[in-house]
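Undergrad: This structure is in structure tokens; I'll ask about it shortly.
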Amino acid sequence: MTQIICSPAKYIQGKGELKRLGAYCAAFEVHGAYAIVDPFVLANYGEDVTGSFTASGLPLVQREFAGECSMLQVQQIVDELQGGTAGIILGIGGGKTLDTAKAVSRLSGLPVVIVPTVASSDAPCSALSVLYTEDGKLDRYLPLLHSPDMVVADVDIIAKAPPRLLAAGMGDALSTYFEARACRRSGAVTHAGGNGSIAAYTMARACLDTLLHDGAQALADVRAGEASEAVEHIVEANIYLSGIGFESGGLAAAHAIHNGLTVLPECRQLLHGEKVAFATLVQLELEGAPEFEIEEAASFCRSVDLPVTLEAMGLAAVEPERLMLAAVAACDPDGPMGNMPFAVAPEDVYSAIIAADRRHRGN
Ligand SMILES: [Zn+2]
């Protein structure tokens, strides 16, 4: 058995980290840095970033992320970097900005520093970039040669992002332990390319424990505009523990069911982690998980405003045939359903969705 763990070479989390970015990047001993930055972040924090690089004596070019995280955009930036002095790439912002920076790093061979300004998913630490077509459709998954060289999470900035994004990140993180457990039982090969390890499994478990302990408090605190200790714990759970946990612990039914649900346009207003939260409850039904575990996961979802019923998913009126389409898509042989420790047919997924909805509707 080969065990493989992927992780960023360095993970930094704290308050005010954006103002220390220049110092962190200067440690790479390069002649210049090139940052791809979300428009909102550039408008509100661009001067903080510039100031920190000036103080460190490292020349910085900031480019506003515009358009789509597409191969076309990525190639344009790679061309722009040719012959320049930038020796390091930064991505500062949300998922698509970060994925653009990762893809530019992959194609240019330059190291990448990932600076998430929201904690809405576990993607920042992963060695993967998701590319879209110019009109926003999924294009391809671009694997990186290794995880980001550095991930820097500024809790002050993340705490100011819309609370719904932090809750969605908790939904994505909720599935991590249950999926890693399924992979451990089946002996599945994870995204990292090997079997899971004690380390990744322990992180996945710590991720769940942190959510259960601090999730509701963290959401209340970001609603009150406070970067409390609970918020710090949830940022670590959403970005780091879940990031390592999913990539090196493995994905299973919850993400497969999430993928299936994306075929239903009614779900498109939902964030990734919101769909994953409900899909986690469906996985627990599929597994015939103990009652206490199902109740614990569902009451956690309710405490942080994550959906537990079809109605909350925008699917109250969905026809059985269309729900079946999602169940079929969930069992795509190229997806993670095959990581479950038993065979799962579309009919099983369909029944588990109905069972989860019925249970959590309370009748
Ligand atoms: Zn996810």
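Undergrad: What is the one condition in (1) in contact with a Leu (Cβ under 9 Å, 6 or more places away or on another chain); (2) within 12 Å of the ligand (Cβ to nearest atom); (3) among the hydrophobic types (A, V, I, L, M, F, W, C) that ALA237 does not satisfy?
TA: Among (1) in contact with a Leu (Cβ under 9 Å, 6 or more places away or on another chain); (2) within 12 Å of the ligand (Cβ to nearest atom); (3) among the hydrophobic types (A, V, I, L, M, F, W, C), the lone unmet condition for ALA237 is (2).
Undergrad: Of all residues in the range 93-146, which are in contact with a strand residue (DSSP E or B) (Cβ under 9 Å, 6 or more places away or on another chain), among the small types (Gly, Ala, Ser) and within 16 Å of the ligand (Cβ to nearest atom)?
TA: GLY94, GLY95, ALA119, ALA123, ALA127, SER129 - these are the residues of the range 93-146 that are in contact with a strand residue (DSSP E or B) (Cβ under 9 Å, 6 or more places away or on another chain), among the small types (Gly, Ala, Ser) and within 16 Å of the ligand (Cβ to nearest atom).
Undergrad: Could you tell me whether the range 222-240 includes any residue that is part of a helix (DSSP H, G or I) and over 30 Å from GLY22 (Cβ atoms)? Even if it seems obvious, please write down each step before you answer.
TA: Initial filter on the range 222-240 (part of a helix (DSSP H, G or I)): 222-223, 229-240.
Filter once more, keeping what is over 30 Å from GLY22 (Cβ atoms): 223.
Yes, some residue in the range 222-240 is part of a helix (DSSP H, G or I) and over 30 Å from GLY22 (Cβ atoms).
Undergrad: Given the options GLY67, GLY91, GLY84, GLY46, name the one that is assigned by TED's automatic domain parsing to the domain that holds LEU107 and part of a strand (DSSP E or B). Write out each step before concluding.
TA: Values: GLY67 fails: part of a strand (DSSP E or B); GLY84 fails: part of a strand (DSSP E or B); GLY46 fails: part of a strand (DSSP E or B).
Every option except GLY91 fails the conditions.
Undergrad: Please work out if TYR177 is within 30 Å of MET337 (Cβ to Cβ), more than 13 Å from the chain's Cα centre (by Cα) and either assigned to a strand (DSSP E or B) or more than 16 Å from the ligand (Cβ to nearest atom) (or both).
TA: no
Undergrad: Hey, another quick one. Has the range 37-55 got at least one residue that is under 19 Å from TYR132 (Cα atoms), surrounded by 15 or more Cβ atoms within 10 Å (Cβ to Cβ) and among the hydrophobic types (A, V, I, L, M, F, W, C)?
TA: Scanning the range 37-55, I find at least one residue that is under 19 Å from TYR132 (Cα atoms), surrounded by 15 or more Cβ atoms within 10 Å (Cβ to Cβ) and among the hydrophobic types (A, V, I, L, M, F, W, C), so the answer is yes.
Undergrad: Of the residues SER299, SER248, only one is of a type in the set (S, T, N, Q) and under 26 Å from TYR11 (Cβ atoms); which?
TA: SER248
Undergrad: Can you tell me which residue among SER242, SER303, SER248 is touching a residue at least 12 places away in the same chain (Cβ under 8 Å), touching a strand residue (DSSP E or B) at 6+ places or on another chain (Cβ under 9 Å) and of a type outside the set (A, V, I, L, M, F, W, C)? Break it down into steps so the answer makes sense when it comes.
TA: Values: SER242 fails: touching a strand residue (DSSP E or B) at 6+ places or on another chain (Cβ under 9 Å); SER303 fails: touching a strand residue (DSSP E or B) at 6+ places or on another chain (Cβ under 9 Å).
The conditions single out SER248.
Undergrad: Considering only the range 147-174, how many residues are more than 16 Å from the ligand (Cβ to nearest atom) and among the aliphatic types (A, V, I, L, M)?
TA: Total satisfying the criteria: 9.
The values are calculated or read from the model by the stated rules, or taken from the named source; none is laboratory data. Given the structure is predicted, the values throughout are model-derived calculations rather than measurements. Counting neighbours? That spans all protein chains shown, and the Cβs are built from the backbone with ideal geometry, glycine included.
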